[in-house]
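All of the numbers you see were taken from the coordinates with simple rules; none came from a lab. Since we're looking at a predicted model, the values are computed, not measured. Cβ sites come from the backbone with ideal geometry, for glycine too, and all protein chains shown count toward neighbours.
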């Protein structure tokens, strides 16, 4: 017992060590991996030697194993394996991850990025290496999602972090530089081209075979979705692009509106504006690439060739107004105005098109040795179908103006100036303008231009301080003023005469109201008279009609009355006759009874005279007796004389009235 007691502490220590060793062994054999992690297995030792050279041990030898461990419990032989627990590789929405392979076949001399046509799944490291995957930066990129990658084999670079199993400081610096290059090219985000920006993307490929000799831009490759072998989906599938014959360098194909996930280590994108052809213009295309085409300009045109669209050279058909996704690295578009534009030979005035910014007034020498300058304006039109001919011949409109039109127009007006004096040049401006318009149309037509009109201004002094033209103009003005004064006097004379006529007219106008009223009154009266006449005629006609009717009625009545009257008259006459005969018989009887007719009349006169005296109350015997006769003798009274005259007149009896002489004779 005493001996065991002496070894007790040693036994306890040995037991503790044994328990600790057992724990270490057990803990090394069992490992737990969380579900949001992966474990890269590193084999520390092996009885087998290295089967292949490389970082990843594909044959079970010591080194990093190709397969990773996912979440859960895993058992290992003690002291043989080391686990490197790493996070899952996560790529956010709308981002791109770049993959760098540490192991694989080396790149070819013409390669910039690793080709992985067969090895497409980076999560299968063994399959990647066995399929011939290459080391280095990969052409394929990672899109949104989570990936369980062997970070000993693959390094994934994103904007936020680099996913890698750190092995070497120098390698870390290399990966950092790679991330800077990608960031500088905005490679962590897709290429987004918006319609509102009116832009296109020019692609430059940095991987693959170079261009053929004589080419400056890579031709179109594939692009047809129906052809799966060549469809590279707008450079988003580099392997298919290169397999279809794609070349490195700037590409003819452009990117239009859309979103593109392009590996910026494979291809970079430059944004340029769309080619916009405004209304009133056409775009003549000079293509730097394409096949050599047949000349379509015709035998009569000897200034160059025109080719069909898509071929190298000046395109026969211009671009009409609109927007075009034209690659300006593959060609040039020259805008040609199709509306009328004005070229001004006037130094102080420049049109918005700037074609005439280097033009100045035309210097003239007149026939009378004056040296004025003449401002000229020319209205020009270019047929849109002839625009390619103009560009093929002159390069652009400005060269046409400066190298051809300027000397031609200047020479023409210099010749005109030499045939006229300064005064004629001033006075004949309209005729010169019309003449020049007609003659220069043919000249412009030789250059495929249409001259619309020529406009010329007033000649100006060629130098400051030269007042010769002003003096000539002053003389012309004075002459004109004198002519105008003569005309003014004549017009004043006419005006005075017209004024007199105006005054008379005004006076008549003042009385016009009364004249008008009187004329209207006369007309009213005439109308009233006519109305009255018509009414009278109507009434007369009515009366005549009524009178005729009354006459007819009276005639009929009269005829009846006449017949009645005749009958009555006959009866009355017979009656009167009988009464008269009876009276006559009575009178005859009375006369005979009175002594005859002689005494009957005297008796009637005496009776009437007595009645008169009785009625008037006159004295039968007058108080004053007036007598007459010769010798103062009484010859009878006045009453007696009157009675005698009356009875003599009535009875025509000479014996009734007798003079005194006759009485004495008796």
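For this structure, a couple of remarks:
- Packing around the peptides 418-424, 557-563, 84-90, taken as the average count of other Cβ atoms within 10 Å per residue, puts them in this order, highest first: 84-90, 418-424, 557-563.
- Segment 190-273: antiparallel DSSP beta bridges as a percent of all, rounded to 5: 95 percent
- Counting 0.36 nm for each residue step from residue 563 to residue 159 and taking away their Cα separation leaves a gain of 130.0 nm.
- Additional length obtainable on full extension of the chain from residue 143 to residue 353, 0.36 nm per residue less Cα span: 70.7 nm
- Cα centroid separation, segment 420-459 to segment 485-525: 51 Å.
- Pairwise FRET efficiency - residue 408 versus residue 291, Cβ, R0 = 30 Å, nearest 0.05: 0.20
- Segment residue 55-residue 475, length gained on full extension (0.36 nm per residue, minus Cα span): 140.7 nm
- When each of 493, 398, 344 is scored by the number of other beta-carbon atoms lying within 10 Å, the sequence from fewest to most is 493, 398, 344.
- Rounded FRET efficiency, nearest 0.05, which uses the C-beta distance separating residue 224 from residue 169 and R0 of 30 Å: 0.05
- Distance between modelled label sites at residue 486 and residue 211, nm, 7 Å Cα→Cβ extension: 8.0 nm
- Burial ranking of peptide ranges 130-137, 175-182, 571-578 (average Cβ count within 10 Å, highest at the top): 130-137, 175-182, 571-578
- DSSP beta bridges in segment 28-189 [antiparallel fraction, %, rounded to 5]: 90 percent
- Label sites at residue 379 and residue 35, each approximated as a point 7 angstrom past Cα along Cα to Cβ, lie 8.3 nm apart.
- A crude spin-label estimate for the pair residue 332 and residue 518, with each label 7 Å from Cα along the Cβ direction, gives 9.3 nm.
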